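Chemist: Before we start, here is the structure in question, set down as structure tokens.
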Amino acid sequence: MTQDRLEATLYFDTISPFAYLMWKALRRAPLDVPVTPVPVVFGALLSHWGQLGPAEVPAKRMHTYRYCQWLADREGIPFRFPPTHPFLSLGSLRLIVAMSATPAAVDEIFDRIFAQGRDLSSAEELARVCDELEVPHLASQINSEPVKAELRRNTDAATSRGVFGVPTLAIGDDLFWGYDSLAMARDFIANPGLFDGPEMQRLGALPFGVTRNRR
């Protein structure tokens, strides 16, 4: 695959502070290929792969929150957690879908959640945001069947590509999961043969040495 044919899809859920931070990083320093933001339901990805989210492991939850705050402060990214976390993100995801998931729409909604620290899981707050955005009939579209169906299709498409977490950059058949994979994604775009070396190829056939029983 040559660079001029590369395109990236950013799968994200508004529940994820790392997705917000990656989005901000991409807005500040765009990739050298087009990026399409695609909202998905993180909880559905977790259920599909049988995983827990980081906020569902008590010790990991505090570490994650501290790390996100530290990272945002270090990078100079406006950041404030909403009043509760995790929160129900379906309303904000559907709002982005109803706004055609444009980069401007993703900016608007992410900023309200993680820059301003607002509770978009609240129906009242969601309605206020719709009023602020001044998009005709936006509030009525959030719970429409076409919007719900598109979000489901997005999520199904993500799992079909092997996406297991958010944020994930999908570039062709290759996935780059998490904020800290952004540098690797940039290297891959600059050198699409990044994973063709013998040691990289060996990783795909590496056998399990032990498996853990799941209770």
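Chemist: Provide the net charge surrounding Gly43, with neighbours chosen by a C-beta distance below 13 Å and charges set as Lys +1, Arg +1, Asp -1, Glu -1. Walk me through the numbers on the way to the answer.
Modeler: On the way: positive: Arg152; negative: Asp13, Glu56.
Neighbourhood net charge equals -1.
Chemist: I want the local charge near Leu194. Using Cβ-Cβ distances under 12 Å, sum +1 for each Lys or Arg and -1 for each Asp or Glu among the other residues. Provide the component values of the computation, followed by the final result.
Modeler: Details: positive: Arg186; negative: Asp174, Asp187, Asp196, Glu199.
Taking every other residue near Leu194 into account, the sum is -3.
Chemist: Quick one: what are the phi-derived ³J(HN,Hα) couplings along the range 158-165, Karplus 6.51/-1.76/1.60 with θ = phi - 60°, whole Hz, x for glycine and proline?
Modeler: 5, 5, 5, 7, x, 5, 10, x
Chemist: Also, I was wondering about something else. Test of the criteria: in the range 3-40, which chymotrypsin sites (Phe, Trp or Tyr not before Pro) are in a DSSP loop and have at most 14 other Cβ atoms within 10 angstrom of their Cβ? Please list the in-between numbers first.
Modeler: Working: sites: Tyr11, Phe12, Phe18, Tyr20, Trp23; in loops: none.
Those that pass, being in a loop and sparsely packed, number zero.
Chemist: Another question about this same structure. Classify the range 1-71: rounded, prolate or oblate, from the alpha-carbon gyration tensor (a ≥ b ≥ c, eigenvalue square roots; a/c under 1.5 rounded; otherwise prolate if a/b is larger than b/c)?
Modeler: Numbers: a/c = 2.84, a/b = 1.57, b/c = 1.81.
It comes out oblate by the Cα gyration axes.
Chemist: Still on this structure: Can you say what percent of the DSSP beta bridges in the range 3-203, counting only those with both residues inside, are antiparallel? Round to 5.
Modeler: Working: 8 of 13 bridges.
Of those bridges, close to 60 percent are antiparallel.
Chemist: Which net charge results when you count Lys and Arg as +1 and Asp and Glu as -1 among the other residues whose beta-carbon is under 11 Å from that of Met99? List each step's numbers first, then the result.
Modeler: Values: positive: Arg94; negative: Asp107, Glu108.
Here the count lands on -1.
Chemist: Using θ = phi - 60° and the Karplus curve 6.51 cos²θ - 1.76 cosθ + 1.60, what whole-Hz ³J(HN,Hα) does each residue of the range 58-64 get, with Gly and Pro shown as x?
Modeler: Couplings: x, 5, 6, 4, 5, 4, 4 Hz.
Chemist: Just check the range 21-131 against the gyration tensor rule for me: Cα atoms, a ≥ b ≥ c as the square roots of the eigenvalues, rounded for a/c under 1.5, and otherwise prolate or oblate depending on whether a/b exceeds b/c. Walk me through the numbers on the way to the answer.
Modeler: Details: a/c = 1.25, a/b = 1.10, b/c = 1.14.
Since a/c stays below 1.5, the shape of the range 21-131 is classed as rounded.
Chemist: Considering only DSSP states other than H, G, I, E and B, which trypsin sites (Lys or Arg not before Pro) in the range 56-109 qualify as loop sites with at most 15 other Cβ atoms within 10 Å?
Modeler: Numbers: sites: Lys60, Arg61, Arg66, Arg74, Arg80, Arg94; in loops: Arg80.
Filter output for the range 56-109: Arg80.
Chemist: What FRET efficiency, computed as 1/(1 + (r/R0)^6) with R0 = 25 Å and r the Cβ-Cβ distance, is obtained for Met184 and Asp107, rounded to the nearest 0.05?
Modeler: Values: r = 25 Å, r/R0 = 0.99.
After rounding, the FRET efficiency stands at 0.50.
Chemist: Just checking my list (i) 25; (ii) 20; (iii) 42 against percent of Cα pairs over 30 Å apart computed from this structure; which label fits?
Modeler: This structure yields the entry labelled (i).
Chemist: Mind listing the phi-derived Karplus ³J(HN,Hα) values for the range 174-179, rounded to whole Hz, using 6.51, -1.76 and 1.60 with θ = phi - 60°, and x for any glycine or proline?
Modeler: Ordered by residue, 3J(HN,Hα) equals 9, 10, 10, 9, x, 4 Hz.
Chemist: Using Cα pairs closer than 8 Å and at least 6 residues apart in sequence, work out the relative contact order for the chain, in percent.
Modeler: Details: 259 pairs, mean separation 66.2, N = 215.
In percent, rounded to a whole number, it is 31.
A short reminder: the numbers here are calculations on the coordinates, not readings from a lab. These numbers come from a predicted model, not from an experiment. When we count neighbours, we look across all protein chains shown, and the Cβ atoms used for this are built from the backbone with ideal geometry, even at glycine.
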